[in-house]
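Asks: Sharing a structure with you now.
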Amino acid sequence: MDREIDPVYRKKKFLKRIIITTVVILSITILVVRALSWIQPSIRRSLTRTARVDFGTVESGITASGTVVSEQNQVLSSPIEARIIRVLKHPGDALLPGDSILELDAGGLRLSLDRVRQNLDLKRNQQARTRLDLEHTLIELESRRRIKELELNSMLAQAEQNRRMFDNGLLSENDVKRVETEAAKTRIELEQLLESKGNAEISSRVVEEGLAMEMAILEKEEKAILWDLDLAEVRTDRGGVLTWVVPEAGVTVRKGDVIARLADLGSFRVEARASDIHANRVSAGLPVRVNINEEESLPGKISQILPSIENGVISFYVALEQKSHKGLHSNLRVDVDIVTDRKAHALRIKKGPAILGGSTGEVFVVRGSRAVKTAVSLGMAGLTHCEVRQGLMEGDEVVLSDMAEYSGLKEIALKE
């Protein structure tokens, strides 16, 4: 005979079924939610490059490549024709003012210096002899002049005495004229002595002036040889880096031959190159920005454009405002942005794979934890930014990364 099931047991069994069913439903729900989250597209915010829309300057232009070079290069030439004895420095060596680079054989110069100095000594000796001869001549002429003066005074006194005696009838007229004639003759001889003395002084002065000119020429030649001797040990008058030097000793160089090149590392400029398709847009004076690394750029301007075009490339030099910036190094490769157009106080966004400018399209804008596709109109494409015409506002955060694989989606979840 069947018995009725205990109501308490039936109640426990019913509750057990409800609990099991609830757990199963919750588990299935969690699995479905998780599966949906796995299926829904999402990207990590940390791996996504974004930028804020702001107001600023948009600059457009041409991108070129460049190399940092020394602004001033020194070329050292051989002062004489000589053989190189020693090479003291080598390319790449840092030099200070006064450092010797190489030494030339100056044996011929020393022989020339000895010859010039011997000639100078001879001229000085000749000059001294000329002065002594003049002094001796002047002393002799002065002595003769004094004697003639005494003779003249004596004859004049005798002539005066004879004239008185003639007046008294004591002498004949012939005796008086004879004495007067002798006095006149002595006076003429005295005048000749005075002229000889003046001529001797003039002649001696002319000889001395000629000797002085010859000595001055020899002294200049001596200084020139001493200068060349000093240059025979080739030194630099400025600091820098030696970029080239005659490679080995024993080589004979002619006067004027280039024997070393020095680069000044105190100031730099940029030697840049661009495609010749931009030749009509590149001109001297255009502002330039030189990017020495990813974070830093230096302003400058085009200072010189080389006239020739080689292999479809135009070359030009850029003068930097900060020529001695610590980030500049010789032969450093840099990117050069030539600014050809500029728009100030424009609504702008940084360039990136998703932002190219000059077109109407769609971009993803960060809205909380999602990136929402938004239609935008972009204007001038600058070197680093693009002009925003429509679709974005100041402060909007825009995804710059390449989003081509999400082009069919309206929004994407952003994961931390």
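Asks: The conditions are (1) closer than 15 Å to Thr63 by Cα; (2) in contact with a Cys (Cβ under 9 Å, 6 or more places away or on another chain), and Met380 fails exactly one of them. Which is it?
Replies: For Met380, the failing item is (1).
Asks: Next question, about the same structure. Tell me, please, whether a residue that is of a type outside the set (A, V, I, L, M), on the phi > 0 side of the Ramachandran plot and in contact with a Leu (Cβ under 9 Å, 6 or more places away or on another chain) can be found in segment 377-390.
Replies: Quick first cut of segment 377-390, residues of a type outside the set (A, V, I, L, M) only: 377, 379, 382, 384-387, 389-390.
Checking the rest, the ones that are also on the phi > 0 side of the Ramachandran plot come to none.
Checking segment 377-390: not a single residue is of a type outside the set (A, V, I, L, M), on the phi > 0 side of the Ramachandran plot and in contact with a Leu (Cβ under 9 Å, 6 or more places away or on another chain).
Conditions tested, residue by residue: (1) closer than 22 Å to Glu59 by Cβ; (2) touching a residue at least 60 places away in the same chain (Cβ under 8 Å).
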site: Arg348; (1), (2): yes, yes
site: Glu387; (1), (2): yes, yes
site: Leu392; (1), (2): yes, yes
site: Glu397; (1), (2): no, yes
site: Glu405; (1), (2): no, no
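Asks: Look at Leu347 and say whether it is surrounded by 17 or more Cβ atoms within 10 Å (Cβ to Cβ) and part of a loop (DSSP other than H, G, I, E, B).
Replies: No.
Asks: While we're here: Which condition number in (1) out of contact with any Leu (no Cβ under 8 Å at 6 or more places or on another chain); (2) under 15 Å from Thr67 (Cβ atoms); (3) of a type in the set (A, V, I, L, M) is the one that Ile305 fails?
Replies: Of (1) out of contact with any Leu (no Cβ under 8 Å at 6 or more places or on another chain); (2) under 15 Å from Thr67 (Cβ atoms); (3) of a type in the set (A, V, I, L, M), only one is false for Ile305: (2).
Asks: Return the total of residues in segment 35-54 being among the basic types (Lys, Arg) and either modelled with pLDDT under 85 or in contact with a helix residue (DSSP H, G or I) (Cβ under 8 Å, 6 or more places away or on another chain) (or both).
Replies: 2
Asks: While we're looking at this one, here's another question. Give Pro79, Pro91 a once-over and let me know the one that is in contact (Cβ under 8 Å) with a residue 12 or more places away in the chain, closer than 30 Å to Ala212 by Cα and surrounded by 12 or more Cβ atoms within 10 Å (Cβ to Cβ). Walk me through how you get there before you give the answer.
Replies: Values: Pro91 fails: closer than 30 Å to Ala212 by Cα.
Only one candidate passes the filter, namely Pro79.
Let's see how each residue does on (1) touching a Pro at 6+ places or on another chain (Cβ under 7 Å); (2) among the β-branched types (Val, Ile, Thr); (3) under 30 Å from Leu242 (Cβ atoms):
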{"site": "Val270", "(1), (2), (3)": "no, yes, yes"}
{"site": "Val282", "(1), (2), (3)": "no, yes, no"}
{"site": "Asn291", "(1), (2), (3)": "no, no, yes"}
{"site": "Lys301", "(1), (2), (3)": "yes, no, no"}
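Asks: Wholly within segment 248-314, which strands (runs of 3 or more DSSP E) include no fewer than the required count, namely at least 1 residues that are assigned by TED's automatic domain parsing to the domain that holds Ile85, modelled with pLDDT under 85 and surrounded by 13 or more Cβ atoms within 10 Å (Cβ to Cβ)?
Replies: Those strands (runs of 3 or more DSSP E) span 258-263.
Asks: Then there is this: Would you be able to tell me the number of residues in segment 351-372 that are farther than 16 Å from Met393 by Cβ, buried (at least 16 other Cβ atoms within 10 Å of the Cβ) and of a type outside the set (Gly, Ala, Ser)?
Replies: 1
Asks: Examine segment 130-139 for a residue that is at pLDDT below 75 and of a type in the set (Lys, Arg), and state whether such a residue exists.
Replies: no
Asks: In segment 120-142, what residues are under 16 Å from Val206 (Cα atoms), charged (D, E, K, R) and touching a Lys or Arg at 6+ places or on another chain (Cβ under 9 Å)?
Replies: none
The values are calculated or read from the model by the stated rules, or taken from the named source; none is laboratory data. These figures come from a predicted structure and were not determined experimentally. A quick note on method: Cβ atoms are made from the backbone with ideal geometry, for glycine too, and the neighbour counts reach across all protein chains shown.
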